[in-house]
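Below is one structure; the comments refer to it alone.
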Amino acid sequence: MLEPLFINVCIFITFLYFAGIIMRNHRKIPVPLSLLMGMFSGVLGLIIMNFSIPLNDNTIVDLRHLATVASAIYIGWIPALISAIIISAGRIIMFGVTPQAIVAGVGMLLIGILTSFMTKLSFQNLYRMQSMNIVSLIIIFFALWINVGLSVTMMIIPFHAATSIIAGFIFYSIAEQIKRSNEQYQMLKQSATKDFLTSLNNVRQFDVSYNQALKDAKERQEKLSFLLIDIDNFKSVNDTYGHQAGDDVLKELGKVLPLHSRTFDIVSRNGGEEFSILLLDCPHKHAMVIAERIRKAVEGHEFPIHSQEVLHITVSIGVSTFPDTVAPENEEIFEQADKALYLAKRTGRNKVCDFQMVQATT
């Protein structure tokens with residue numbers, strides 16, 4: 001009796017780790033993946049049934065219900081129902097259409113329905129796990145009573161219940177460890193590519209995007225424009241209102257820039273008060289129009305700081321375009337935009353300048 005249940009536990013743990021790998025990159029599980037995971041847990045229940053404890057020719061006992069319980073807690077009520085339907089159908093198909101199989105199949109469906117309703121419970125996951133476990137065991141008790149009689153049921157159910165409760169603790173512990181590990185992985189992955197303050201691309205991701213965009217522009221013979229943006233007199237904001245106000249301005253600008261760019265453009269915070277936008281497949285003339293639109297939008301925007309106060313800030317923008325302002329064999333698109341930005345700063349701020357203006361002044 002111990003060997004099949006031990007195998008049940010080992011199979012379940014293996015599936016938990018595979019499920020953790022599949023869901024690692026998803027903070028919020030998309031609907032298609034949740035449906036797939038429901039089928040995944042249904043398959044888990046079918047595999048567990050192959051290592052069950054036979055009570056007679058038509059009645060078996062195992063931990064298949066925990067596959068549905070785990071789906072209900074960690075994925076949702078729809079995957080739990082899918083899991084229960086697959087396990088119920090598998091019980092009848094794999095072991096033949098018998099009265100005992102039908103009773104077991106109906107019992108599994110009831111487990112799926114009740115655990116789906118119990119996903120609304122606001123308990124901690126451990127209490128939800130064991131609550132669903134106990135409800136499932138009550139249904140299993142009556143299914144066994146119908147199939148093998150009360151005397152056999154009373155012999156098997158204490159051991160089965162104890163095993164299920166212990167297994168529930170084990171599965172909960174492992175599932176929570178996998179969940180925490182995935183959350184830490186997602187945080188590390190985000191911190192590697194996203195700026196912590198604005199949630200825009202950070203300088204590392206900018207470098208990757210910049211090199212890839214320039215490579216693609218060359219290969220596809222497209223135009224790539226680049227805006228380098230700097231907040232005017234940002235030091236005075238920090239000195240006058242404090243660093244928290246400065247952070248609030250940076251966060252708000254991180255929202256304004258994507259709103260006034262195209263949806264497929266790449267917006268980054270390069271560090272400090274410097275931002276950039278890669279305008280994909282964008283000629284120089286259009287890039288100047290977008291840059292001026294962004295400058296006006298920032299100038300007219302109210303930047304909230306503290307509780308009631310608002311600030312008005314301006315930005316200077318340097319613009320360059322490959323290959324319009326950069327020779328095809330040259331890759332100085334960043335350097336040109338930087339020189340144009342310096343010109344905008346030097347000649348009054350709150351301006352848009354390009355490299356052609358820089359050349360005209362030299």
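No lab work stands behind these numbers, since they all come straight from the coordinates. For clarity, every value in this text was computed on a predicted model and none was experimentally measured. Note that each Cβ is placed from the backbone with ideal geometry, even for glycine, and that neighbours are counted across all protein chains shown.
In nm, give the distance between the simple-model label positions of A360 and V43, each being 7 Å from the Cα along the Cα-to-Cβ direction.
About 6.5 nm, to one decimal.
S191 to S173: extension gain in nm, 0.36 nm per residue of separation minus the Cα-Cα distance?
Going from the current span to full extension adds 3.8 nm.
Cα to Cα, under 18 Å, and not fewer than 8 places away if on the same chain: which lysines meet these conditions relative to K345?
Qualifying lysines at Cα under 18 Å: K235, K296.
What area, in nm² and to one decimal, does the C-alpha convex hull of the stretch 106-201 cast on average over all directions?
The number I arrive at for the stretch 106-201 is 8.3 nm².
Ignoring solvent entirely, what values of log10 I(q)/I(0) come out of the Debye formula for the stretch 203-360 at 0.11, 0.14, 0.18, 0.21 Å⁻¹ when each Cα is a single scatterer?
Taking Cα atoms of the stretch 203-360 as identical point scatterers yields -0.41, -0.66, -1.04, -1.35.
Rounding to the nearest 20 debye, state how big the charge dipole of the chain is about its Cα centre with +1 on each Lys and Arg Cβ and -1 on each Asp and Glu Cβ.
740 debye
Starting from the amide H of E222, placed 1.01 Å from N in the peptide plane, find each other amide H under 5 Å away whose residue is 5 or more places distant or on another chain.
Residues meeting the criterion, in which the H sits 1.01 Å from N, do not exist here.
Note down the net charge around Y127, summing +1 for each Lys or Arg and -1 for each Asp or Glu among other residues with Cβ under 15 Å from its Cβ.
Computed value for this residue: +1.
What ranking do 65-74, 146-155, 241-250 get when scored by the average of other Cβ atoms within 10 Å per residue, highest first?
Answer by packing, highest mean first, reads 65-74, 241-250, 146-155.
How large is the dipole of the stretch 203-360 about the Cα centre if only Lys and Arg carry +1 and Asp and Glu carry -1, each at its Cβ, rounded to the nearest 20 debye?
For this selection, approximately 260 debye.
Roughly how compact is the chain, stated as its Cα Rg over 2.2 N^0.38 Å to two decimals?
Its radius of gyration relative to the 2.2 N^0.38 Å reference: 1.49.
Taking the Cα centroid of the stretch 122-165 and of the stretch 169-241, what is the distance between the two, rounded to the nearest whole Å?
48 Å
If one takes the longest principal axis of the Cα atoms in the chain, at what angle in degrees, from 0 to 90 and to the nearest 10, does the Cα axis of helix 243-259 lie?
90 degrees
Pulled fully out, how much extra length does the chain show between D281 and F123, if you take 0.36 nm times their separation in residues and subtract their Cα-Cα distance?
Answer, rounded to one decimal: 51.7 nm.
For the charge dipole of the chain, defined by +1 on Lys and Arg C-beta atoms and -1 on Asp and Glu C-beta atoms about the Cα centroid, which residue among T14, I53, F322 has the Cα displaced farthest towards the positive pole?
I53
Measure nothing but the geometry: give the 0 to 90° angle between the long axis through the Cα atoms of 203-220 and the longest principal axis through the Cα atoms of the chain, rounded to 10°.
80 degrees
For the chain, what is the calculated [θ] at 222 nm in deg cm²/dmol (nearest 500), taking -39500 (n - 2.57) for each run of four or more DSSP H residues and dividing by its residue count?
Theoretical 222 nm ellipticity from helices: -22000 deg cm²/dmol.
Based on other C-beta atoms within 10 Å, arrange S52, S316 from fewest to most.
Final ranking by Cβ density, sparse to dense: S52, S316.
Could you give the angle, 0 to 90 degrees to the nearest 10, between helix 2-22's Cα long axis and the longest principal axis of the Cα atoms of the chain?
Helix 2-22 and the main axis of the chain meet at about 20 degrees.
Please report Rg over Rh for the stretch 2-192, where both radii come from the alpha carbon positions and Rh follows the Kirkwood definition.
0.98
Looking at G38, A192, S181, which one has the Cα that reaches farthest to the positive end of the dipole of the stretch 2-192 (charges on Cβ: Lys, Arg +1; Asp, Glu -1)?
Result: A192.
Among the listed pairs K215/K339; K223/K255; K218/K251; K120/K179, give every one whose C-alpha distance is greater than 28 Å.
K218/K251
Only Lys, Arg, Asp and Glu count, each charged at its Cβ (+1, +1, -1, -1), so figure out the dipole size of the stretch 2-192 about its Cα centre, rounded to 20 debye.
Dipole size: approximately 680 debye.
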